[in-house]
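Worksheet: the structure to be examined is printed underneath.
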Amino acid sequence: MIEPDFLRTTRTAYDAVAGLYAELFANALEDHPLDRAMLIAFADLVRANGGGPVADLGCGPGHVTALLHSFGLDASGVDLSSEMIAIARAAHPELRFEVGSMTALDLTDGSLGGALARYSIIHTPPEQLPQVCAEFHRVLAPGGHLLLAFQAHDDPSELAKSFDHKVALAYRWSPDRVAALLNETGFTETARLRQVAPPDAERDFPQAHLLVTKV
Ligand SMILES: C[S@@+](CC[C@H](N)C(=O)[O-])C[C@H]1O[C@@H](n2cnc3c(N)ncnc32)[C@H](O)[C@@H]1O
C-alpha cells in the first residue's frame with residue numbers, strides 16, 4: 001500500500017529530532033499537574049471498567065507510556081517514528097513499543113481497555129481525522145476509554161487550524177468539533193479540560209484534553 005505523504009513527512013521530521021525531543025520531554029509531567037490529573041482519572045476509569053491493555057498512540061520517547069505503567073496499567077506504545085521507538089525501548093526495556101500508525105493500527109478489534117493520543121493527532125490532516133477516530137473506536141473494547149490531548153482553538157466554525165509547529169505541519173482543533181466527530185463515531189463524552197496558555201508561553205494557544213468512552 002502506498003503511504004500517504006503526511007505520514008512520511010511526519011515520520012522523517014520526528015526521526016530527525018527524536019533524541020532532542022526525548023531530552024526535552026523526559027520527565028513524568030511533574031510540571032504539568034493538570035495533564036497528570038487527567039491521566040490519573042483515565043487510569044482509574046480504565047481499571048474500573050476491568051482494565052485491559054492500554055495503548056499510547058503516538059507515544060514518542062515513551063515517557064507517558066511509562067507513567068501509565070506506573071499507575072498500574074498494562075501500557076504499551078505505538079509511534080510512526082522508528083527513532084522514537086528505539087529511544088522508548090532503550091529507556092523502558094520492560095515495556096512494549098512498536099512502530100505503527102494510528103491511521104491503520106496493527107491491533108485486533110476490541111482489544112484495548114484504553115487508548116491515549118497525547119499531542120499526536122495534531123499532525124493528522126483534518127480530512128483524515130474521521131478515519132483515525134474510527135480506528136480508535138475499532139481497537140477499543142466496549143466501555144473502553146480514549147483520552148486525547150491537543151492544541152486547541154475556540155472557533156467551532158472550523159474543525160482545525162494549521163499552525164507553525166517546530167517539527168512538522170500541525171493542526172489545532174476545536175474541542176466542540178472533535179467531540180462531535182467522536183460522538184458520531186460511537187463515543188460518549190465523559191469530561192474535557194481547557195487549559196489557558198501560561199503568560200510566558202511561546203504561543204497563546206489553549207490546550208485541550210478530551211476524555212470519551214466507547215458506547
Ligand atoms: C508532539 S509528539 C507527542 C509525543 C508524546 N505523545 C508526548 O506526549 O510527548 C507527536 C508524536 O506523534 C507521533 N505521530 C504523529 N502522527 C502519528 C501517527 N499517524 N501514528 C503514530 N504516531 C504518530 C510522532 O512521531 C511523534 O512522536
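The values are calculated or read from the model by the stated rules, or taken from the named source; none is laboratory data. All figures in this text were calculated on a predicted structure; none of them were measured in a lab. Here the Cβ positions follow ideal geometry from the backbone for every residue, glycine too, while neighbour counts run over all protein chains shown. Each accessible area value is taken on the protein alone, full model and side chains, heavy atoms only, with ligands, DNA and RNA left out. Shrake-Rupley method; radii C 1.70, N 1.55, O 1.52, S 1.80 Å.
Descriptive notes on the structure:
- Here Ile87 fulfils each of the conditions (1) within 16 Å of the chain's Cα centre (by Cα); (2) buried (at least 20 other Cβ atoms within 10 Å of the Cβ) apart from (1).
- Failed condition for Arg36, given (1) buried (at least 24 other Cβ atoms within 10 Å of the Cβ); (2) within 15 Å of the ligand (Cβ to nearest atom): (1)
- Any hit, region 33-56, residues being at pLDDT 95 or above, β-branched (Val, Ile, Thr) and over 20 Å from Arg138 (Cβ atoms): yes
- Within region 125-134, restricting attention to residues that are open to solvent by 10 Å² or more (accessible area, probe 1.4 Å), in a helix (DSSP H, G or I) and out of contact with any Pro (no Cβ under 8 Å at 6 or more places or on another chain), the residue that is nearest to the ligand (Cβ to nearest atom) is Gln131.
- Qualifying residues in region 45-82 (those that are among the charged types (D, E, K, R), open to solvent by 10 Å² or more (accessible area, probe 1.4 Å) and under 18 Å from the mean Cα position of the chain (by Cα)) - the one farthest from the ligand (Cβ to nearest atom): Asp74
- Scope region 102-124; condition within 12 Å of the ligand (Cβ to nearest atom), within 15 Å of the chain's Cα centre (by Cα) and of a type outside the set (Gly, Ala, Ser); matching residues: Met102, Thr103, Leu105, Leu116, Arg118, Tyr119, Ile121, Ile122, His123, Thr124
- Pairs are defined by a Cβ separation below 6 Å, a sequence spacing of at least 6 or placement on different chains, a first member in region 1-21 that is assigned to a helix (DSSP H, G or I), and a second member that is more than 8 Å from the ligand (Cβ to nearest atom) and open to solvent by 60 Å² or more (accessible area, probe 1.4 Å); the pairs so defined are Asp15/Glu83; Ala18/Glu83.
- For Ile85, the stated conditions do not hold, so it cannot be described as under 20 Å from Arg36 (Cα atoms), outside any strand (DSSP E or B) and within 12 Å of the ligand (Cβ to nearest atom).
- Positions within region 160-183 being part of a loop (DSSP other than H, G, I, E, B) and crowded, with 19+ Cβ neighbours inside 10 Å, in sequence order: Ser174
- Test: residue in region 91-101 that is within 15 Å of the ligand (Cβ to nearest atom), surrounded by fewer than 18 Cβ atoms within 10 Å (Cβ to Cβ), farther than 24 Å from Thr9 by Cβ and of a type outside the set (D, E, K, R): yes
- Tabulated pairs, region 56-69, first over 11 Å from Leu39 (Cα atoms) and among the hydrophobic types (A, V, I, L, M, F, W, C), second open to solvent by less than 10 Å² (accessible area, probe 1.4 Å) and near the ligand (Cβ under 6 Å from one of its atoms), C-beta under 8 angstrom, 6+ apart or interchain: Cys59/Met84
- Taking region 180-204 as the range and being among the small types (Gly, Ala, Ser) and either in contact (Cβ under 8 Å) with a residue 12 or more places away in the chain or within 20 Å of Leu147 (Cβ to Cβ) (or both) as the test, the residues that pass are Ala180, Gly186, Ala191.
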